[in-house]
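A short write-up of the structure that comes next.
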Amino acid sequence: MKKLLQIALGVLTAIGGFVDIGDFVTNSLVGARFGMGLAWVVVVGVIGIVTYAEMAGRVAAITKRAVFDAVRERLGARMALANLGASYFINLLTLTAEVAGVAVAIQLATSVNYLLWVPIVGLLIWLVIWKMPFSVMENTFGILGLFLIVFAVALWKLAPDWGQLFDAASHPTVPSGEGHPTWIYYGIALFGAAMTPYEVFFFSSGAIEERWGRNDLTVNRFNVFIGFPLGGLLSLAIMACSAVVLQPHGVEVSHASQVGLPVAVALGKLGIAALLIGFFAATFGASLETLLSSGYTFAQYFGWTWGTERPARQAARFHTVLLITLFAAMALALTTIDPVKVTEYSVVLSAAALPLTYFPILVVANDRNYMGDKANSRVSNTIASIYLVIIVAAATATIPLMIATKAGL
Amino acid sequence: MRRTVVPALLALAAATACAGPSRTDDDFRHKAANTAETIQGVIGTAQIAVAAASENKVPGPYLSVTLAEVDDDAAAVVDTFDSVQPPSKTADKLRSRLDTLLQRTTSILDDLRIAVRRGDIASLPKIAAPLTNLDTKLQPITDIVG
């Protein structure tokens, strides 16, 4: 019974925690601009993150080593340092977007400018990391993030032509007036949003914080095989809501407030209340995850003691990195940099850095010296290898497309 | 390493930066069309928000933030377009035609922002009504470049 509860809680947390500001903004932006024509990318991205997150969780449970440990060992100190720099930069951008996202959620509820909320949000994040036990922190914001199911309810209430939506999703075409490079650029952005590296850093390090062992492999599988795809459905619901309500008006999504308008149209004030709780929880939870991921990657690269469960004195350098990173993200957010633009850049740049994170996971998951009988099966190797090709192709195309399309204009 | 990275980053920044001045009529037409299309999107946001508000579906603070952002967006679009140098007399005519529509749109969006901040939700549909006509008039400019 206890195991069942643990699995259910893990799945719910995985669903609620799947959507962050990257998914929130990118799916809405793409839905408003391309309809459901890029929905297939979400499916591709979800299968990818499921494949690699399961591997990362399994590696952590069996070897008691987190992803960046593997990165350092398999890529060597120099290459891993380059990965650390790239991952940290993307984490910082993502954290900035998430912190600003939390502040925007409060702004939408109060109409007090989000910049005034940024320092308070920063303080709250620090207090939660400092005081709240890891599992409570993870479950609380994951479960509250489930309020974003309001998008699925709104879509149902909007009563769209389901056949037309499915047809658009299953027969992807580039809309007239849009170029192929722009279409591919946004496809890569969606892919990057679904496969953000911080997710596997956090997932595998979290497994070690929670002392996963062989017995937890079932929990791992349920989390990723059920939780993540259901989280992916939430992403598709956000996209579909925008396709139904915003696209006919030619709306270009550039603010979080626009993302919620379909919910207001369908469900009114109650829907907006649920949306704001879900948006707050999703961005707050993702702030914690990205911030912790920054600390995890540094500590695992340099071999420091790390973890929120350890007394701060024992993991002083880990906590110092967290504090500096949080201050840097808050400072960046306070420059009045556009949160939606930061989000767009962070998901696109994530795509560029994906191979450096995912390749070492695949290598370690195949090492029978470490993994024993829990090494990758032929099926998971085939899927993971196909994905590695996709990841490398996306990473190679990202920067040229960014330049060619003037970042998706 | 540093020698190649810095110019590459500068080139990236330049390539992804905002549009420069127009040198030909064709380029100016493209900029006018893009501006009209963006403003139509802004009008669309305002219309959805006002329609939902008129049915009491949007909380006051949410509506206030949405309409303020829409107003800011429109002002930014107009500023950017006004800063583009028209290259010929033909371009002057297009500029004048579009600018009139843009000014009327921003004026209505200003009024919406003021009304919502005063809590005068009931007046929003009436204030926003001319946006439909403006949207229709902007369409031919959006369609200039097909």
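The values are calculated or read from the model by the stated rules, or taken from the named source; none is laboratory data. All values derive from a computational prediction rather than experimental measurement. Note that each Cβ is placed from the backbone with ideal geometry, even for glycine, and that neighbours are counted across all protein chains shown. To get the accessible areas, we keep the full protein, side chains included, count just its heavy atoms, and leave off ligands, DNA and RNA. Shrake-Rupley method; radii C 1.70, N 1.55, O 1.52, S 1.80 Å.
Enumerate the pairs (first residue in the range A:156-178 and within 19 Å of A:A32 (Cβ to Cβ) and at pLDDT below 95; second residue anywhere and open to solvent by 100 Å² or more (accessible area, probe 1.4 Å) and aromatic (F, W, Y)) with beta-carbon separation below 7 Å, excluding pairs fewer than 6 apart on the same chain, so at least 6 apart or on different chains.
Within 7 Å, the pairs are A:A169/A:W40; A:P172/A:W40.
Quick check on the range A:60-70. Is at least one of its residues assigned to a helix (DSSP H, G or I), touching a Gly at 6+ places or on another chain (Cβ under 8 Å) and of a type in the set (G, A, S)?
Yes, the range A:60-70 contains at least one residue that is assigned to a helix (DSSP H, G or I), touching a Gly at 6+ places or on another chain (Cβ under 8 Å) and of a type in the set (G, A, S).
Determine whether the range A:149-160 contains at least one residue that is open to solvent by less than 10 Å² (accessible area, probe 1.4 Å) and within 30 Å of A:R65 (Cα to Cα).
Checking the range A:149-160: not a single residue is open to solvent by less than 10 Å² (accessible area, probe 1.4 Å) and within 30 Å of A:R65 (Cα to Cα).
With B:T136, B:T142 as the choices, which residue is modelled with pLDDT under 95, assigned to a helix (DSSP H, G or I) and over 30 Å from A:T110 (Cβ atoms)?
Unique residue meeting the criteria: B:T142.
I'd like the full set of residues that are in contact (Cβ under 8 Å) with a residue 24 or more places away in the chain, open to solvent by less than 10 Å² (accessible area, probe 1.4 Å) and out of contact with any Ser or Thr (no Cβ under 7 Å at 6 or more places or on another chain), limited to the range B:27-42.
B:A32, the sole residue that qualifies.
Looking at the range B:38-82 only, could you name the residues that are among the polar types (S, T, N, Q), more than 10 Å from chain A (Cβ to nearest Cβ) and either under 9 Å from the mean Cα position of the chain (by Cα) or within 23 Å of B:T142 (Cα to Cα) (or both)?
B:T80
Considering only residues that are closer than 19 Å to A:G227 by Cβ and outside any helix (DSSP H, G or I), which ones fall in the range A:17-40?
Those that are closer than 19 Å to A:G227 by Cβ and outside any helix (DSSP H, G or I): A:V19, A:D20.
If you check A:F318 against the conditions, is it in contact with a Gly (Cβ under 6 Å, 6 or more places away or on another chain), more than 14 Å from chain B (Cβ to nearest Cβ), aromatic (F, W, Y) and open to solvent by less than 10 Å² (accessible area, probe 1.4 Å)?
yes
A:L291 passes all but one of (1) under 30 Å from B:Q40 (Cα atoms); (2) touching a Leu at 6+ places or on another chain (Cβ under 7 Å); which number fails?
Only one criterion is unmet by A:L291, namely (1).
Among the residues of the range A:135-150, is there at least one that is within 14 Å of chain B (Cβ to nearest Cβ) and out of contact with any Asp or Glu (no Cβ under 6 Å at 6 or more places or on another chain)?
yes
Kindly state which helices (runs of 4 or more DSSP H) lie completely within the range A:305-404 and contain at least 2 residues that are among the aliphatic types (A, V, I, L, M) and farther than 20 Å from A:L288 by Cα.
Counting at least 2 such residues, we get A:339-365, A:378-404.
Would you confirm whether any residue within the range B:57-67 is open to solvent by less than 20 Å² (accessible area, probe 1.4 Å) and farther than 28 Å from A:L270 by Cβ?
no
Determine, yes or no, whether A:L84 is closer than 20 Å to A:I188 by Cβ and crowded, with 19+ Cβ neighbours inside 10 Å.
Taking the combined requirement at face value, the residue does not satisfy it.
Of all residues in the range A:387-409, which are over 12 Å from A:Y358 (Cα atoms), away from chain B (no Cβ under 14 Å) and free of Cβ contacts under 8 Å to residues at least 40 places away in the same chain?
Scanning the range A:387-409 gives A:A393, A:T396.
Take the residues in the range A:100-134 that are away from chain B (no Cβ under 14 Å) and assigned to a loop (DSSP other than H, G, I, E, B), then tell me which one is nearest to B:A68 (Cα to Cα).
In this case the residue turns out to be A:M132.
Given the conditions (1) modelled with pLDDT of 90 or more; (2) under 30 Å from A:A397 (Cα atoms); (3) among the β-branched types (V, I, T), which single one is not true for A:I324?
For A:I324, the failing item is (2).
How about the range A:233-253: which of its residues are among the small types (G, A, S) and buried (at least 24 other Cβ atoms within 10 Å of the Cβ)?
Hits for the range A:233-253 are A:S235, A:A240, A:S242, A:A243.
Would you point out which residue out of A:N220, A:N215 is open to solvent by 20 Å² or more (accessible area, probe 1.4 Å) and polar (S, T, N, Q)?
After ruling out the rest, the residue left standing is A:N215.
Taking the criterion of being over 17 Å from A:E73 (Cβ atoms) and of a type in the set (F, W, Y), would at least one residue in the range A:290-310 satisfy it?
no
Which one is nearest to A:L146 (Cα to Cα) among residues in the range A:1-16 that are in a helix (DSSP H, G or I), open to solvent by 30 Å² or more (accessible area, probe 1.4 Å) and out of contact with any Leu (no Cβ under 8 Å at 6 or more places or on another chain)?
That would be A:L9.
Looking at the range A:240-265, which of its residues are over 23 Å from B:S54 (Cβ atoms) and assigned to a loop (DSSP other than H, G, I, E, B)?
Matches in the range A:240-265: A:E252, A:S254.
Quick check on the range B:33-44. Is at least one of its residues of a type outside the set (V, I, T), under 30 Å from B:K126 (Cα atoms) and outside any helix (DSSP H, G or I)?
No, the range B:33-44 has no match at all.
Scan the range A:254-271 residue by residue and report those that are of a type in the set (A, V, I, L, M, F, W, C), open to solvent by 10 Å² or more (accessible area, probe 1.4 Å) and at the interface with chain B (Cβ under 7 Å from one of its Cβ atoms).
A:V265
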